[in-house]
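Data block below; observations after.
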Amino acid sequence: MPRHLLPPHARSRTVTAVLGPTNTGKTHHAIERMLAYPSGIIGLPLRLLAREVFHKLVARVGPGAVALITGEEKIKPVGARYWVCTVEAMPQDIEADFLAVDEVQLAGDFERGHVFTDRLLYHRGRHETLLLGADTIRPLIAALLPGAHITARPRLSTLTYKGAKKLTRLPERSAIVAFSAAEVYAIAELIRRQRGGAAVVLGALSPRTRNAQVELFQSGAVDFLVATDAIGMGLNLDVDHIAFAGTRKFDGFQFRNLNPAELAQVAGRAGRFMRDGTFGTSGRADDFDAEVVKSIEAHDFAPLRLLQWRNPALEFSSFEALRHSLSVRPREAGLTRAPDGDDVVTLEAAGREPEVRARAHGEAAVRLLWQTCQVPDYRKVSSAAHAELCLDMFRFLSDGGRLPAEWFGRQVERCDALDGDIDTLSMRIAHIRTWSFIANQSNWLDDPRYWRETTSRVEDRLSDALHDRLAQRFVDKTTSVLMRRLKETMMLEAQVNQAGEVTIAEQIVGRLQGFRFVPEGGAEIQYGKELRAAAAKALEVAIAGRAERVAEAGNESFLLAANGSIRWMGEEIARLIAGDSELEPRAKLLADEDLSGSHREWVQGRVDAWLRHHIGTLLKPLIDLRNGEGLEGLARGIAFRLVEELGVVERAKVSEDLKTLEQSARVALRRLGVRFGAYHLFLPAAMKPKPRELAAQLWALRHGGMAPEALQELPHLAQAGRTSIPVSAEVPKAIYRVLGYRVLGSRAVRVDILERLADLIRPLIAYRPGLTSGPPPKGTAAGDGFVVTVDMTSLAGCSGEDFASILKGLGYRSDVKPLADHERVIAEAVAKAAEEAAQRAQAAAEKQVEAAPDADPVASEPPAGEPVTEPVGTATDEGVDTAPIEVEASVGEPVVERADILADPVIAPALPEPPIDMVAPAAADMVVEAHAAAAIEPVQDSASAAHAADESAPDTAIAAPAPAAPATVTIWRPSRFERRPQPNAQKSRREGRGRRPGANEAAPAAAVSGAPAAGDGVSTERPRQRPRPERRERKPHGGPPPETAAAPVARPADGPRPPRHDQRPRRDKDGGPDRRPGSDRGGPRNFDKRPPREQAPRIYSSDSGSRNTAGDPDSPFAKLALLKERLEADKKS
């Protein structure tokens, strides 16, 4: 008769139930009873526990007598007498003298309970059947198995509740229980940092990995175990305390709180055999209620009310018959139909596939379909994915009776990879467990033995790799070994190798960094004093040796890092701190107390000496300037200001001192390396990246420091050769100045680049058509303006709005003009300059003729075809002094200082008139011709174009497109032209008339409207004056009547006033005659002594309020201009 049809009293024959809490020796009792019979079978809840019992039996009776059967592996020696199995894998076709089922209270579990219920009710040994479990199942066993012998076993030790403790305060030999892999890993990571490491046990781990992790804990390599509730299922561990980090779990259907019986099952792992144990909470778990604590300590729990049951008599005649048999409900009290598991869900998915239902025809096919549906879902990907895998295998098996070796081999090969992290390896192990289960099925593969060995080998390799990853992540071997040695003995010997590694018991416990001992790992937290005591002697010797080497080290062995630390051979030994001044910082040693006495003095003295050498080398110009050799008075004050500002001072801040600074003092400052720039006073020798970086560090020390990233980034940009860099609002502007930059708008420009930029702009503003020799420079514009050129933007390293912000920061303003007007003004200026130059040349020729009245007029004329030459350096127009002016200038510096032009926001300088450069007639002819052509041809072209446009207008009026927007050009001018006239401007002009020509006009090229001059060559600096306003026409003294007086002469655009031809006797401030050198002393000047000559008419320019002197009409230039006018007239006629 089938067993499931036996009445209850018959099922209870040979059954003995051994019930009791954990640590009562139930499993040990079952092993002893099984070995008393010739054969036996024992079913265990976990694969890991099955392997543990298997190894115990092998040690007792030998490997040939014991078989191991689990879902993923089978070890079946020929002639095996004892079978160790998981409950699901217990053989159905083997009868043994003894049979035992462990943890039978799991018959109430929703997921696996029906399997335990089946073994409890229907599986028996011939002579004895033992049911092992908790006392909570006693009432149901008594009801379902009436007459069964039930015995109770008391706990061998007591279990006590210790309340809540922090994870870092748990006692050694503790196990922390969590209910998710993420929580387990997080707790293990925390314990590794704080306590040296922990072993990890999860239900998803392979037995090989779990055994290796348990061995770490059992051997004492680590004192903590972090696990899920898998440790509550019969694992025998040397645990003294169980700490619950949580009390909620997912049971396959929902998240719920653990009941007291489940808590007791896990807590009972503490205190094995006769050793008492404790339990409590930790982490985020709340304290247990008093009732729960009382139940756990007294092992008094509510009994189970129902056991999960599934019909053991399945019908395989058809697919519908199988489904119907699975839905049968139990008829006995205390049993309930189990929820649908993964196998039933997969079968339902098969029923929705018409192809599968067509294949499942007949008992054999339906039985095969059910077997494929019972493959465990170790992968836990999804129910649909698992169902698809099972149905694919059913198709293969129903077609050919075997799974294709190629297909199966690809699946196994995908798992055979050892790279990846813990989660990746865990997933591969879950996959290989599925293929191992399939390989252990009989008749599913052509060579099942080969595939069993292959899958087992892959699982072992993955398990070993996973164990290594777990140990690397959660176990600090150095700390764990050290902690074990410290517990054994306190007499430890430390050593320090050449790399500075400090070892104790062949384990690295720390490193000697400079003169400080830095422990490693978590042992410092718990055993810091013991570590230092053990390492003290070795560290004392090592530090003394290092001190001697530092004292004898050369300067090249030291380095000042960007963060202000002083390093010796790469090791940080000191740090800069603020001293009495920027150039005198102090070094603070970074050392433990082991560096003391004379060794400490040696190191401090050597570091101080190197620091003085380092600053004295990189900032030597500043050191020399601070010493001030040869400096006195105001020069020493300027030098002090430069030293205080670390080598860069804005000129506007010392402009008043420079006005009264004597020439000898300037020479003394230049001798010490000071350059008087247009915008700054600075030391070119200290402008290199390394000195500037050091200066920035010293400034930061003195002024409270700045962000480390800025201190590292800005010097890096400077070292890269950037002529300008973007400005950050978070960085003080003083830092840019110390680094050698000046903040102008959105950019910071190097101070030496500013001087070069001024050198480019100065000749453009100073250019005067007809007065300045040579063609106009590129970028010249009318009205003391200029246009930005590529040379300027390339020099500044920026363009567009960034470069415009630089010019605005320098005091320039911009005007947008039509491009055509700009080109026309330039062309007219060139033509006008050519005409004026011709007139001046003619006047000079006439003066030469008047100076030699007896000369042969024929001989004085040059032969036809030969150019007329004039000696260079002869007298020019009246009133202009062409004698050389002696000024002092250093190499590479302009000689006139006008830096205060932009510094003073109110006063504008009275700029000197540039001299007229005399050129050879041949060259003058070419210049005049070029300028005249440039001035005339555009007019002709535009006139012709206008005439052509007038003729064609009737035909093209309709088809003519809309005129395009005219092109524009941006012209930059100094901002001083926008200032209003001052009330005392007329007085300034009167006082300026009496100045000797050349007093402040030593370098005409440097005297630019609004452009600061570089260099210094004069000892005084006068306040700037505004351009002279237009004056009304006045009758000159002693001159002709107004109707016959000379007309005004055209004056260059925005240029200085030319010499006057209606000069009156000059008088000094007391009203007396002018007594300057070169004047007629003692009386008024006699104008009748000079040969009379015809004055050119004075013409006022239409685009400027200034005046200029007309040229000599008899000069070759005037004749050439007259010839051109005649040619133009001929062309027009």
**Prompt:** Going by the structure shown, is Ala700 closer than 17 Å to Leu583 by Cα, part of a helix (DSSP H, G or I), modelled with pLDDT under 85 and not aromatic (Phe, Trp, Tyr)?
**Reply:** yes
**Prompt:** Has the stretch 103-114 got any residue that is in contact with a Ser or Thr (Cβ under 7 Å, 6 or more places away or on another chain), in a strand (DSSP E or B) and of a type in the set (S, T, N, Q)?
**Reply:** no
**Message:** Condition (residue is touching a strand residue (DSSP E or B) at 6+ places or on another chain (Cβ under 6 Å), closer than 19 Å to Glu111 by Cα, surrounded by fewer than 18 Cβ atoms within 10 Å (Cβ to Cβ) and outside the structural domain of His114 (by TED's automatic domain parsing)) applied to the stretch 320-329: is it met by at least one residue?
**Reply:** yes
**Request:** Identify the single condition in (1) out of contact with any Asp or Glu (no Cβ under 7 Å at 6 or more places or on another chain); (2) at pLDDT below 90; (3) within 22 Å of Ala186 (Cβ to Cβ) that Thr424 does not satisfy, given that it satisfies every other one.
**Result:** (2)
**Fill in**
Conditions (1) over 30 Å from Ile638 (Cα atoms); (2) among the hydrophobic types (A, V, I, L, M, F, W, C); (3) outside any helix (DSSP H, G or I) -> Ala538 fails only (3)
**Request:** Report whether or not Arg119 is under 23 Å from Gly341 (Cα atoms) and buried (at least 18 other Cβ atoms within 10 Å of the Cβ).
**Result:** yes
**Prompt:** Residues in the stretch 84-96: is at least one within 58 Å of the chain's Cα centre (by Cα), polar (S, T, N, Q) and closer than 23 Å to Arg310 by Cβ?
**Reply:** yes
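Residue-by-condition table, conditions (1) of a type in the set (Lys, Arg); (2) under 25 Å from Arg210 (Cα atoms); (3) modelled with pLDDT of 95 or more:
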residue	(1), (2), (3)
Ala50	no, yes, no
Val53	no, yes, no
Pro63	no, yes, no
Leu68	no, yes, no
Ile94	no, no, no
Phe98	no, no, yes
**Message:** From the list Gly283, Gly341, Gly334, Gly362, exactly one residue is under 57 Å from the mean Cα position of the chain (by Cα) and over 26 Å from Ser383 (Cα atoms). Which is it?
**Reply:** Gly283
**Prompt:** If the Cβ limit is 8 Å and pairs must be 6+ apart or interchain, which residue in the stretch 161-184 that is more than 21 Å from Gly220 (Cβ to Cβ) and in the same structural domain as Val200 (by TED's automatic domain parsing) pairs with which residue that is modelled with pLDDT under 85 and part of a helix (DSSP H, G or I)?
**Reply:** Phe179/Asp229
**Message:** Out of everything in the stretch 393-418 that is acidic (Asp, Glu) and within 26 Å of Arg47 (Cβ to Cβ), what residue ends up being nearest to the chain's Cα centre (by Cα)?
**Reply:** Asp416
**Residues of the stretch 9-26 satisfying the condition of being at pLDDT below 90 and either closer than 13 Å to Arg124 by Cα or within 60 Å of the chain's Cα centre (by Cα) (or both)** = Ala10, Arg11, Ser12, Arg13, Thr14, Pro21, Thr22, Asn23
**Prompt:** Any residue at all in the stretch 602-621 that is touching a Phe, Trp or Tyr at 6+ places or on another chain (Cβ under 8 Å), within 19 Å of Gly740 (Cα to Cα) and basic (Lys, Arg)?
**Reply:** no
**Message:** Can you tell me which residue is farthest from the chain's Cα centre (by Cα) among those in the stretch 790-824 that are surrounded by fewer than 16 Cβ atoms within 10 Å (Cβ to Cβ) and not in a helix (DSSP H, G or I)?
**Reply:** Pro818
**Request:** Would you tally the residues in the stretch 224-265 being closer than 17 Å to Ala212 by Cα, β-branched (Val, Ile, Thr) and either in contact with an Asp or Glu (Cβ under 7 Å, 6 or more places away or on another chain) or modelled with pLDDT of 90 or more (or both)?
**Result:** 1
**Prompt:** Restricting the search to the stretch 384-424, which residues are among the small types (Gly, Ala, Ser), closer than 19 Å to Arg457 by Cβ and part of a loop (DSSP other than H, G, I, E, B)?
**Reply:** Ala417, Gly420
**Asked** If you take the residues in the stretch 286-305 that are in contact (Cβ under 8 Å) with a residue 40 or more places away in the chain and outside any loop (DSSP other than H, G, I, E, B), which one is nearest to the chain's Cα centre (by Cα)?
**Response** Val293
**Per-region count, the stretch 271-298, residues closer than 13 Å to Thr160 by Cα, surrounded by 17 or more Cβ atoms within 10 Å (Cβ to Cβ) and modelled with pLDDT of 85 or more** = 10
**Prompt:** With respect to Gly147, is the statement that it is at positive phi and crowded, with 23+ Cβ neighbours inside 10 Å true?
**Reply:** no
**Item:** Whichever residue in the stretch 375-392 is surrounded by 18 or more Cβ atoms within 10 Å (Cβ to Cβ) and over 15 Å from Ser436 (Cβ atoms) and, among such residues, is farthest from the chain's Cα centre (by Cα)
**Value:** Leu391
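The values are calculated or read from the model by the stated rules, or taken from the named source; none is laboratory data. Everything numeric in this text was worked out from a predicted model, so none of it was measured. Using ideal geometry, Cβ is built from the backbone for each residue, glycine included, and neighbour counts are taken over all protein chains shown.
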